[in-house]
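What follows is one structure encoded as structure tokens, with my remarks underneath.
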Amino acid sequence: MTDPTRDPRFLQDPYPTYAAMRSTCPVQSVHAGSDGRTSYLVTGYAEAREALTHPGLSKDTAVFFEGKGSQRRLHPAVAHTMLSSDPPQHTRLRKLVTKAFTTKAVAELRPFIAQVTEELLDQWPVGECVDFVACLAVPLPVIVICELLGVPEEDRPDIQRWSGELFAAGQPDVIDAASHSLADYMADLIVAKRRRPGTSLLDRLISARDGEDRLSEEELVSLAVLLLVAGHETTTNFLGNATLSLLQHPAELDRLRQNPDDIPAGLDELLRFDSPVSMATFRHTTETITLGGTDIPAGAPVLVALGAANRDPERFPSPDQLDADRDAVGHLAFGHGIHRCVGAPLAKAEAEIALRAVLTRFPGLRLAVPPDQLQWRPTRLVRGLASLPVLN
């Protein structure tokens, strides 16, 4: 079948499409890509969870695309990241960054996150229309991850622009150019930090490169770019989606506004309800496998729709209803298995602090435009608002 996720209406609300596909078969072949290649789209929760840990599925994109004559010119540091590797390489790379996102490490960042949040909210004009995305959801996580990596303040607007261009669906030249801009910038920053070492996460990765862990120079640049992009893209979409979901469900909004200490427990439901990552990153079969009753041949791309899995009624009853009291632990918004998002604790901390501050300071927050006029980012990989006009 033709890939229904290519329909422009899908961006506005993908969930009816996902539900229709899942009810027919939780794993279906679709013709995706300009070359008409057959891919397999996973929309069921059990099947998605299995796919994310299946030994017959690989994330090694270099192996898959070798010899296929791609015309793309993505920078290698973007094309071949930790996300596109398998063990043991993935295990070694992930170990180097995990310590930066432990519960303890994130707790130490909370005062800084709270300070940045308050400073951003101080700039909101009272009683006027504000773009929640541009004025909070984008700058907060950008500032935090740049601070963590030691990116100078004056360079952060460029980082934000290039990162956004990486997700410019349908504009391969823009994406490729942004990949080179980001990678070249991080390579130059690494050179500068070698001259004047500091204490940032990037400085620690450089020490690993020059120490016994022996990161290659290419791996070092790739990890830096990945942390920079992944460290704020998911959180930006999470903040925008969560706020919109609450504004469209007044009872849940009032419940959290009156009981802000319940916000941490409600984050998993907000993540489940409108996942900031709609589609897991690329996987392909290394052997013939059977998933959800569907036989998938070796060498086939497999697309795991995390957003669809999180709306599977077999796992989450009444999935199209936002319920802040729901136990949504087990959702797949951050993935599952060895590739689960390493920055999940930081993303949840930023969302908790930001939502608490917004609901406390702006009790009358409401949408400034009808929901059907909201613009979504034109990409299937992530699900996020291009803007969210609100009145405070």
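Going through 232, 249 one at a time, which residue ends up being at pLDDT 95 or above, under 24 Å from residue 330 (Cα atoms) and either out of contact with any Ser or Thr (no Cβ under 8 Å at 6 or more places or on another chain) or crowded, with 22+ Cβ neighbours inside 10 Å (or both)?
The match here is 249.
So which residues in the stretch 361-392 are modelled with pLDDT of 95 or more and hydroxyl-bearing (Ser, Thr, Tyr)?
The one that is modelled with pLDDT of 95 or more and hydroxyl-bearing (Ser, Thr, Tyr): 387.
Only one of 227, 189 is crowded, with 19+ Cβ neighbours inside 10 Å, closer than 15 Å to residue 96 by Cα and not small (Gly, Ala, Ser). Can you tell me which?
The unique qualifying residue is 227.
Give the number of residues within the stretch 25-50 that are at pLDDT below 95 and assigned to a helix (DSSP H, G or I).
Residues that pass the stated criteria total 0.
Scan 98, 53, 91 and give me the residue that is over 24 Å from residue 186 (Cα atoms) and either hydroxyl-bearing (Ser, Thr, Tyr) or not in a helix (DSSP H, G or I) (or both).
Within the list 98, 53, 91, the selection yields 53.
Consider the stretch 362-390. How many of its residues are of a type in the set (Gly, Ala, Ser) and either free of Cβ contacts under 8 Å to residues at least 12 places away in the same chain or farther than 20 Å from residue 228 by Cα (or both)?
Adding up the residues that qualify gives 3.
Just to verify a result, which residue in the stretch 149-186, among those that are surrounded by fewer than 20 Cβ atoms within 10 Å (Cβ to Cβ), among the small types (Gly, Ala, Ser) and touching a residue at least 40 places away in the same chain (Cβ under 8 Å), is farthest from residue 75 (Cα to Cα)?
150
Here's the yes/no breakdown for (1) surrounded by fewer than 14 Cβ atoms within 10 Å (Cβ to Cβ); (2) under 30 Å from residue 172 (Cβ atoms); (3) without any contact (Cβ under 8 Å) to a residue 60 or more places away in the chain:
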residue: 300; (1), (2), (3): no, yes, no
residue: 315; (1), (2), (3): no, no, no
residue: 332; (1), (2), (3): no, yes, no
residue: 360; (1), (2), (3): yes, no, no
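Restricting to the stretch 278-298, what's the tally of residues that are under 19 Å from residue 46 (Cβ atoms), among the β-branched types (Val, Ile, Thr) and touching a residue at least 12 places away in the same chain (Cβ under 8 Å)?
The total comes to 4.
The values are calculated or read from the model by the stated rules, or taken from the named source; none is laboratory data. Given the structure is predicted, the values throughout are model-derived calculations rather than measurements. FYI the Cβ positions are ideal-geometry reconstructions off the backbone, even for glycines, and counts take in every protein chain you see.
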